[in-house]
Amino acid sequence: MAHEVNLHYRPALQWGELDPNRRQSTPVGMWAWIWQRISAIAIVFLLGLHITLTYKPLVQFLLLTVVIFHAVLGLRVILLDFNLVNVKYQKALIAGLAVLGVVMVAIIWTGIY
Amino acid sequence: MATSAHQRRVIQVFRYDPTRGGDGHYDRFEMDVAHPNSTTMLDILIRIQREQDPSVAFRYACRVNMCGSCGMVINGREGLACKTNVCDLPPDRDITLRPLNHFPVVKDLVVDMTPFFKKYEDAMPFFSPRTIEPEPAVIPPDARERQDIGLATECIQCGCCVSSCSMVNYHDGYAGPAALNRAFTLLADSREGRNAERLRAVLQSCYNCRTEFNCTEVCPKELSPTRAIKYIQRLALKHLGELSRPAGMTNATEEPAPPVAVVPFEPVLQHAGCVAGACSVAAAGGLPDDPSRRQFFRRVIMGIGAASALGVGGLLATAAVGPTLTKTPGRWIPISPMDDLAPAQVSTVTMRYEVTSGFHKETVVKPVMICRRADVNNMVVFNTTCTHLGCTVRWDAGKNIYVCACHGGQFDHEGRVIAGPPPRPLDTYRFKVENGCLMVEVV
Ligand code: SF4
Ligand code: SF4
Ligand code: FES
Ligand code: FES
């Protein structure tokens, strides 16, 4: 009976690989994580610009926004890490903290200019 | 919810033939679904197999969300085929069925779950009682630990969470959400005897979690491995002292571990040694991966890191060190026509000039005090910056002294300190007169 068949497992599929519907099915928590990383890179970049082009309101505004965005998402993880907010509110936390972030940007910006 | 009315649906099923290999592709099937509200993906697959293509491979057993064998990626999100109804998926789009991520594909929708159970085992998923009691332990339903553990013991090992967690891809040694959730149910259990060991076995993994909540979103049993992971992290924080001690640590719930618990114990070290692709999980039947893809990502990330560090470092260095390295030659700034400066008097004149420091360009506006004596050529130009802490000094004509308002520093007409904290006389500028105009030298 035993005739030789060569069977090969396909290497594991990776997240999103060959998956046309993955992006639209990505949950908000994952986006929060991705955007926090992106904002981190943006901060580094804008910091460079901020030093090169001093006192450019556009750069300053972008830097402020991105820093606060990044901070607010970091705050979310801290709150969840230490169980200060129940994990079941993780999505509400994103919305709530985003609003807080916008308010902070507005206050700081109008405070400066 | 969509209607229960009859729908015509297109189903794209991932196909992989192990005798041929390759990347895999999607096959398109079309069918009428009479009751979208009560037709599951599993029903669809069974129909495809019976009516259209008998070679489609998928796994199932219980058909009622209990066995965990039918986990797959449905429309881009992990779920049980037997729990996902046609009406749950948007009617205007094709349905895609694809095997779970992070597991080798055996055929079509069937994956090899070996890595899952290997990691599950590493997390010590079994109960080993602290003491052997003849009677069952009584944990009241409202006990803290009972509440903490909640339904987390309901996991059916479907692998959905592990598939959804992108960190499983990036960290070879990562135990993954299901194993950590299991470890949590035991770590929180006061009857358990080997928690010290277990905590050490899983702790490293807990730091691979990035709080993405993908696992929580997809778990068909509505468990939250994220919550479990956070719990373990906090537990570790509480037992930081014991954890940093190399061995013989006391139990996580404060009692010494029974002697049977002394088993050689390495996993944490193993994982720590798991540097950049040199890990042997693949060889041990664990996660196979695509080294070129992984390496590529690693390189891209390291590249971005290095470029950012260089960029910022360079900018900061130029800004901070640059100005001190280039010895700027003194510049002569015109102050005032000599005729405007009354003899035998101190006049204060504001001077203005531009300085460039690093990337900054700024205009300095600063008063200087010109003290002209009766003898026209005898003149001193004082710097108004107080030698104490840098406030602006002004001339008090009534008292014939220079005073600093900040901390009461006083200087006589020659600039020597007569009162207050300033440590040395007022600084003076070098000056010259050119075409009847007074110029001072700034550096
Ligand atoms: S919360 Fe943690 S374990 Fe769950 S998917 Fe995210 S990274 Fe993975
Ligand atoms: S935690 Fe949920 S998703 Fe993960 S294996 Fe268990 S039942 Fe499946
Ligand atoms: S077949 Fe058992 S969970 Fe779906
Ligand atoms: S700064 Fe002038 S006395 Fe302190």
### Query
Which aspartates and glutamates have a Cα less than 15 Å from the Cα of B:Lys107, not counting those fewer than 8 places away in the same chain?
B:Asp17, B:Asp23, B:Asp27, B:Asp53
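Just to check, using Stokes-Einstein with a Kirkwood Rh over alpha carbon pairs, what's the diffusion coefficient of region B:331-442 at 4 °C and 1.567 mPa s in µm²/s?
Values: Rh = 14.7 Å.
D = 88 µm²/s.
When only Cα pairs under 8 Å and 6 or more residues apart are kept, what is the percent relative contact order across region B:7-111?
Numbers: 192 pairs, mean separation 35.2, N = 105.
Normalised by residue count, the contact order of region B:7-111 is 34 percent.
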### Query
Roughly speaking, what is the centre-to-centre gap between region B:407-442 and region B:37-86 when only Cα atoms are used, to the nearest Å?
89
### Query
Averaged across the residues of B:98-105, what count of C-beta atoms belonging to other chains lies within 10 Å of each residue's C-beta?
5
### Query
For B:Tyr26, which sequence-distant residues (separation of 5 or more, or a different chain) have an amide H within less than 5 Å of its own amide H, given hydrogens modelled in the peptide plane?
B:Arg15
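For peptide A:22-31, how many partner chain Cβ atoms fall within 10 Å of a residue's Cβ, on average? Could the numbers behind the result be given before it?
Details: counts 7, 1, 5, 10, 7, 9, 2, 9, 9, 1.
So the per-residue partner count for this stretch is 6.
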### Between region B:112-133 and region B:198-235, the alpha-carbon center distance in angstrom
16
#### Entry: Inter-centroid distance (Cα atoms) of region A:1-24 relative to region A:85-113, Å
42
### Most positive-pole-ward Cα, A:Gly111, B:Pro220, B:Leu341, against dipole of the protein assembly as shown from beta carbon charges
B:Leu341
#### Entry: Positions from region A:68-113 whose accessible area shrinks by 50 Å² or more when the full protein complex is built, not the chain alone, probe 1.4 Å
A:Asp81, A:Val87
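Leaving out ligands, DNA and RNA, what percent of the accessible area of region A:28-112 is carbon and sulfur, probe 1.4 Å? Mind dumping the intermediate values first?
Numbers: 3860 of 4790 Å².
So the carbon and sulfur contribution to the accessible surface is 81 percent.
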#### Entry: For region B:52-61, 3J(HN,Hα) per residue [Karplus equation, 6.51 cos²θ - 1.76 cosθ + 1.60, θ = phi - 60°, Hz, x = Gly/Pro]
10, 8, x, 8, 5, 9, 7, 10, 7, 8
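With an 8 Å Cα cut-off and a minimum separation of 6 or more residues, compute the relative contact order for region B:331-442 in percent. It would help to have the intermediate numbers written out before the result.
Numbers: 241 pairs, mean separation 28.7, N = 112.
Normalised by residue count, the contact order of region B:331-442 is 26 percent.
Before anything else, pin down the relative contact order of chain A: Cα pairs under 8 Å, at least 6 apart, normalised by residue count, whole percent. All intermediate terms of the calculation are to be shown ahead of the outcome.
Working: 52 pairs, mean separation 26.5, N = 113.
Rounded, it is 23 percent for chain A.
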### Query
So which lysines can A:Lys56 reach, going by Cα to Cα under 26 Å and dropping same-chain residues fewer than 8 places off?
B:Lys361, B:Lys366
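Determine the shielding of peptide B:215-223 by partner chains: average, over its residues, the number of Cβ atoms on other chains within 10 angstrom of each Cβ. Let's see the in-between values first.
Numbers: counts 2, 5, 8, 2, 0, 0, 0, 0, 0.
That works out to 2 on average.
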### Query
How big is the Cα convex hull of region B:1-74 in projection, averaged over all directions, in nm²?
5.8
### Summary
For B:13-19, A:86-92, B:172-178, ranked highest to lowest by mean beta-carbon neighbours within 10 Å, the order is B:172-178, B:13-19, A:86-92
### Task
Quickly rank B:150-161, A:67-78, B:363-374 as a protection proxy: mean count of other C-beta atoms within 10 Å, highest first.
B:150-161, A:67-78, B:363-374
### Under 17 Å from A:Lys91, Cα to Cα: aspartates and glutamates that are on another chain or at least 8 residues apart
A:Asp81, B:Glu212, B:Glu217, B:Glu222
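The values are calculated or read from the model by the stated rules, or taken from the named source; none is laboratory data. Here the structure is a predicted model, which means the values were calculated and not measured. Positions of Cβ are generated from backbone atoms using ideal geometry, with glycine treated the same way; all protein chains shown enter the neighbour counts. Side chains included, ligands, DNA and RNA excluded: accessible areas come from the protein's heavy atoms. Shrake-Rupley method; radii C 1.70, N 1.55, O 1.52, S 1.80 Å.
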